[in-house]
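In what follows, a single structure is set out as structure tokens and then discussed.
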Ligand code: AMP
Ligand code: MG
């Protein structure tokens, strides 16, 4: 666990002029080129991300949404644009956007080194594919980014003292149940029915030297939009990709529930009021094709690529839970 550098964060804006921050931002910009290089050459269309809307992703692990007053009505700032990207893929087939997200993360996340309140994820979604296909896209994308950065940003990585090695997909897959069993065998107290807590996830990530997938999360651990496997009730057709070396979660993804009646039932089960989701349910009622996809956080990616101790080092003006800073 990292100590929250409250004092330092209040004046963190000064780091923009340090050599270290320059190097990190150079590597980050190279990674952005690598992402677009892969996606643009594989038939994806880049779209502009929505920033505000009547509803946003409720499946955000204890974080709070931000509400703004929109001419007397309420809008949410995107905690993730999941609902929008599903509809966009239903129309354009293979899409992505760089999506700024705001989540008022719980105060204890200030010490994880992995949580920002304001961050960006690249949201990727494809129509008519399974979650296995989405994992193939995810591993090919991550392998491409790492390879691109190793080739294009070598001098910056060297100056940062980071040794990064290329990976060849496919990446290893373990089920959520197997991950829990593995952790329990090491004396960790983890549940079969929830997402793996940050600390244990970090421990798990230290047991691997390549990125790997955790698949098939239990229902209840995730949002209403992750598809339940009909042949295995209670199990979702979804996944996370974790970085090795203790860096933890890189990606969350899933096959999406897209059938109107099922979505309503899942919303009710997870305590969401369907009445709030008017536009989304209207689209589902008209009928959309199945989609699957994932989101990859760019600050965590940068942290991994550069070997940084904390995610706030990947932004010149980081926002950490509870810290008021520029
Ligand atoms: P989630 O919807 O919570 O699975 O988020 C999708 C991806 O965005 C994660 O896999 C992370 O890479 C990234 N992410 C989520 N929350 C944060 C956060 N608070 N700070 C930085 N990155 C995040
Ligand atoms: Mg996640």
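Under the criterion of Cα pairs below 8 Å and six or more residues apart, the relative contact order for the stretch 109-190 equals 21 percent. In the stretch 6-314, one over the average inverse separation of all distinct C-alpha pairs is 20.1 Å, which is the Kirkwood hydrodynamic radius.
The alpha carbon centroids of the stretch 106-158 and the stretch 191-231 are separated by 16 Å. Put simply, when 142-154, 229-241 are sorted by average Cβ atoms within 10 angstrom per residue, most first, you get 142-154, 229-241. Contact order, relative form, for the stretch 6-314: 20 percent (alpha carbon pairs under 8 Å, 6 or more residues apart, mean separation divided by residue count).
Maximal additional length on extending the residue 32-residue 98 stretch stands at 22.8 nm, based on 0.36 nm per residue less the C-alpha distance.
Decide, for the stretch 71-164, between rounded, prolate and oblate: order the square roots of the alpha carbon gyration tensor eigenvalues as a ≥ b ≥ c, take rounded if a/c falls under 1.5, and otherwise choose prolate if a/b is larger than b/c, else oblate. In terms of gyration-tensor shape, oblate.
Relative contact order, whole percent, for the stretch 129-237 stands at 22, derived from Cα pairs under 8 Å and 6 or more residues apart. Ranked by the mean number of other Cβ atoms within 10 Å of their residues, highest first, the peptides 251-257, 16-22 fall in the order 251-257, 16-22. If the Kirkwood radius is taken over C-alpha pairs of the stretch 164-207, then at 10 °C and 1.306 mPa s the Stokes-Einstein diffusion coefficient equals 137 µm²/s. In the chain, the DSSP-assigned H stretches of four residues or longer account for a calculated mean residue ellipticity at 222 nm of -10500 deg cm²/dmol, using -39500 (n - 2.57) per stretch and the full residue count as denominator. At full extension, residue 8 and residue 91 could sit 25.3 nm farther apart than now, given 0.36 nm per residue minus the alpha carbon distance. What angle do you read, to the nearest 10 degrees and between 0 and 90, between the alpha-carbon axis of helix 176-185 and the longest principal axis of the chain? Here the helix axis deviates by roughly 50 degrees. Ranked by the mean number of other Cβ atoms within 10 Å per residue, highest first, peptides 98-107, 64-73, 200-209 order as 98-107, 200-209, 64-73.
On a per residue basis, the convex hull of the C-alpha atoms belonging to the stretch 1-150 measures out at 160 Å³. Between the stretch 259-290 and the stretch 39-99, the C-alpha centres lie 16 angstrom from each other.
Read-outs: derived from the displayed coordinates by stated rules, not from any lab. This one's a predicted model, so the numbers in the text were calculated from it and none came from an experiment. Please note: Cβ atoms are built from the backbone with ideal geometry, for glycine as well, and neighbour counts cover all protein chains shown.
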